[in-house]
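Sharing a structure below in structure tokens format, with a few things to ask.
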Amino acid sequence: MLGRTLREVSAALKQGQITPIELCQKCLSLIKKTKFLNAYITVSEEVALKQAEESEKRYKKGHSLGDLDGIPIAVKDNFSTSGIETTCASNMLKGYVPPYNATVVQRLLDQGAVLMGKTNLDEFAMGSGSTDGAFGPVKNPWSYSKQYREKRKQKPHGEKEDSNWLITGGSSGGSAAAVSAFTCFAALGSDTGGSTRNPAAHCGIVGFKPSYGLVSRHGLIPLVNSMDVPGILTRCVDDAAIVLGMLAGHDPKDSTTIQDPGKPFMLSSLTDVSKLCIGIPKEYLVPELSSEVRSFWSKAANLFESEGAKVIEVSLPHTSHSIVCYHVLCTSEVASNMARFDGLEYGHRCDIDVSTEAMYAATRREGFNDVVRGRILAGNFFLLKENYANYFAKAQKVRRLIANDFVNVFNSGVDVLLTPTTLSEAVPYPEFIKEDNRTRSAQDDIFTQAVNMAGLPAVSVPVALSNQGLPVGLQFIGRAFCDQQLLTVAKWFEKQVQFPVIQLQELMDDCSSVFEIEKLASVSLQQ
Amino acid sequence: MWARAVWLGRRSWMGWRRGFTSKGDPQVKTGAGRAGGEAAQETERVPPMTPSPASSAQGSGRVTAEVIEHLERLALVDFGSQEAVARLEKAIAFADRLRAVDTDGVEPMESVLEDRCLYLRSDNVVEGNCVEELLQNAHRVVEEYFVAPPGNISLSKQDEQKPFSHTD
């Protein structure tokens, strides 16, 4: 039952094959079994069971609220949840209990969804590995999959298997791992530079970033206001569309949500792609791209072509400047956004009581990790009076050039762009942490952040397994507010490639002893 | 038409605010207890320009001790180590690549929704009376007040703790 998609399990609930309480309990038990993945920071067991009970009552009365009623979901721990601790994986917000729900959380709950818990991330969503949070790194479920383990056995080297677990990507790695390991049917992530699509690609699931302005950010603790969007992680494209349908639309509490009348996001099954024009941006063929991902990318392009779509090479000439531009805009907005954390009104507060400023400074030293402090300092540097024009305003100009690149390509008749999501498949943790956070983010966000700067919708769809038995994802980028068209194309593609299901049964059955040891080593979870 | 005028009006307001170089940085403060409530009131806020001492190491890749100290005061975050200074220098060197881009005649882009009308909700009170809820997240309160240490003392020059900088 847990391996089903959201749509399938929703049908099972409606037909009475399983009740919301049973489903919730199954998920809770799997969350406990997979605790070593460190996917969740907080498991909201009591709340979840209560919500499941209410859902069950509704089903019994025949008054179900719709497709999401009784469906277990998870939410990244940078969305405010009323009465449930919201930490952003930072010491700064440990113990912070928001008095209100983020709009997206409220909308899911209003539809009857059952909130299983809050998922792990890089501190304040700054990172691309889900390795830099105050609650420890998230482990990729594929590290324990039959597919990956069988490939590893063939290799002669005798490294310890357990220390070589793979990263999930990030920063929404907890949400990706939670969905990938079947502990929930959909999860919310956030996407500022690729934080939903990157872990989705590494965890073999669908990661969708909606158009900027389509989904409310109210209650999402901001990283970069001009780029942040809530992301959706699911096991198939249809499920992402269902969740988007629940979330999209104007929110009076977020003035950046557009007021166009909302449409339901029901995806038709595309049978004919011959009218489609797929653009392949030539600048995305970078030397760092692994040959395997490159080959899946070109196979995907060939697939569209062989089915009659027009596939053309296009140019986004400012691509190479994009990651630098993103770096400046991101740190600058971070410097401004993070000023709110001073220990006075909420969050961590130090013991120093000499003066207000001394208290602020010590609180922030204790509350933020090196990565966050580094970005705050860099951002403040770029915003200095004599640097403002050369760095911040300059980056805003480059941003326009990058956004215009996309406009030009779409105006030339391209419907959807096809690119890789990541340079390679997920890497083992020891390898990942050899480089610092900034370098990693610059490498890992290379294909994803330009989309955020242009505000476009994009989705990562799992394509196939690499030679190592690990998932590889490809990214589709659509026109602004053509989210439905984008997902329709992604759905067609998903159907063609038939990505294999992760085989975790062995993990559940025979690895418990390994996990006991790992559990001791990892940071303990709050329940 | 009306909303369009409001949008333009807002832009000029943002422009005014960008020129306003107060260290107090009022727009980054949020309502009590609402760490995520920003989107409610504002769209993409342009981070304010910050004042700085005359010396800086622009383009040289090296940051002077004076700038480091200044940044620490502005950010209320200390570097804490020589590595942190090196990290900043790397970040600046990385950002310097932007200089290669020709942006003559290009307007800065603040928002991808710049060509859309900005929504303003009507000015009615729709929620409130949540003082207790909001105060719950503060460590120190007296009655209905947040308690701060004395506010009229600026961050002392830490003579004993020299900021990290290059020895040359």
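The values are calculated or read from the model by the stated rules, or taken from the named source; none is laboratory data. Please read all numbers here as calculations on a predicted model, not as lab measurements. When we count neighbours, we look across all protein chains shown, and the Cβ atoms used for this are built from the backbone with ideal geometry, even at glycine. Surface accessibility is based on the protein's heavy atoms, side chains included, excluding ligands, DNA and RNA. Shrake-Rupley method; radii C 1.70, N 1.55, O 1.52, S 1.80 Å.
Residue-wise, which Karplus ³J(HN,Hα) couplings in Hz belong to region A:248-254, taking 6.51 cos²θ - 1.76 cosθ + 1.60, θ = phi - 60°, and x for glycine or proline?
5, x, 4, 10, x, 8, 10
Still on this structure, I have one more. For a quick check: with amide H placed at 1.01 Å from N, whose amide H comes under 5 Å from A:ASP251's, ignoring anything fewer than 5 positions away on the same chain?
A:THR257
Could you pull out every residue, at least 5 positions away or on a different chain, whose amide H is within less than 5 Å of the one on A:VAL314? Hs are placed 1.01 Å off N in the peptide plane, and Pro or chain starts have none.
Sorted by chain and number, the residues that satisfy this are A:ILE280, A:LYS282.
From the helices alone, meaning DSSP H stretches of at least four residues, give me the mean residue ellipticity at 222 nm for chain A, per-run term -39500 (n - 2.57), in deg cm²/dmol to the nearest 500.
-12000 deg cm²/dmol
Here's another thing I want to ask about it. Taking amide H positions as placed 1.01 Å from N in the peptide plane, with prolines and chain starts having none, which residues 5 or more places from A:LEU115, or on another chain, fall under 5 Å of its amide H?
Residues meeting the criterion, in which the H sits 1.01 Å from N, are A:ILE73.
Calculate the mean, over all residues of peptide B:62-74, of how many other protein chain Cβ atoms lie within 10 angstrom of the residue's Cβ.
Per residue, the average neighbour count from other chains is 3.
Do any of A:LYS209/A:LYS491; A:LYS151/A:LYS491; A:LYS76/B:LYS90; A:LYS33/A:LYS434 go past 21 Å between their Cα atoms, and which?
A:LYS151/A:LYS491; A:LYS76/B:LYS90; A:LYS33/A:LYS434
Which of A:LEU223, A:VAL97, A:THR422 sits closest to the plus end of the dipole of chain A, meaning its Cα is farthest towards the positive end, when Lys and Arg get +1 and Asp and Glu get -1 on the C-beta?
Result: A:THR422, furthest along the dipole toward the positive end.
Percent relative contact order of chain A, based on C-alpha pairs within less than 8 angstrom and at least six residues apart?
Over chain A, the number comes to 18 percent.
Next up: Rounding to the nearest 20 debye, state how big the charge dipole of chain A is about its Cα centre with +1 on each Lys and Arg Cβ and -1 on each Asp and Glu Cβ.
Approximately 560 debye in magnitude.
Output the peptides A:13-22, A:119-128 sorted from most to least packed, where packing is the average of other Cβ atoms within 10 Å over each peptide's residues.
A:119-128, A:13-22
Whole angstrom only: what separates the Cα centroid of region A:209-248 from the Cα centroid of region A:374-437?
For region A:209-248 versus region A:374-437, the Cα centre distance is 19 Å.
Another question about this same structure. Any chance you could get the radius of gyration and Dmax over the Cα atoms of region A:430-485, in Å?
In order Rg, Dmax, the Cα atoms of region A:430-485 give 14.3, 40 Å.
Still on this structure, please answer the following. By average Cβ neighbour count within 10 Å, what is the ranking of B:99-107, A:163-171, B:70-78 from highest down?
My ranking of the peptides, most packed first, is A:163-171, B:70-78, B:99-107.
I would also like to ask the following. Under the definition of Cα pairs under 8 Å and six or more residues apart, what whole-number percent is the relative contact order of region A:12-149?
28
Based on the alpha-carbon gyration tensor of region A:13-112 and its eigenvalue square roots a ≥ b ≥ c, which shape applies: rounded if a/c is under 1.5, prolate if not and a/b is larger than b/c, or oblate?
oblate
Let me ask another. Residue by residue through region B:148-155, what is 3J(HN,Hα) from phi via Karplus (6.51 cos²θ - 1.76 cosθ + 1.60, θ = phi - 60°)? Round to whole Hz and write x for glycine and proline.
Calculated HN-Hα couplings, in order: 10, x, x, x, 9, 10, 7, 3 Hz.
Related question: Working with all protein chains in place, sort B:GLU114, B:GLU133, A:GLU46 by solvent-accessible area computed with a 1.4 Å probe, largest first.
Descending order: A:GLU46, B:GLU133, B:GLU114.
Taking N as the number of residues in chain A, what value does Rg over Cα atoms divided by 2.2 N^0.38 Å take?
Here the Cα radius of gyration is 0.92 times the empirical estimate.
Sorting check: for A:446-453, A:280-287, B:125-132, which peptide has the highest mean count of neighbouring beta carbons within 10 Å, and how do the rest follow?
The most tightly packed comes first, giving A:446-453, A:280-287, B:125-132.
Can you work out the Karplus-derived ³J(HN,Hα) for every residue in region A:222-238? Use 6.51 cos²θ - 1.76 cosθ + 1.60 with θ = phi - 60°, whole Hz, and x for glycine or proline.
x, 10, 10, 4, 7, 10, 4, 9, x, x, 10, 10, 9, 8, 8, 5, 4
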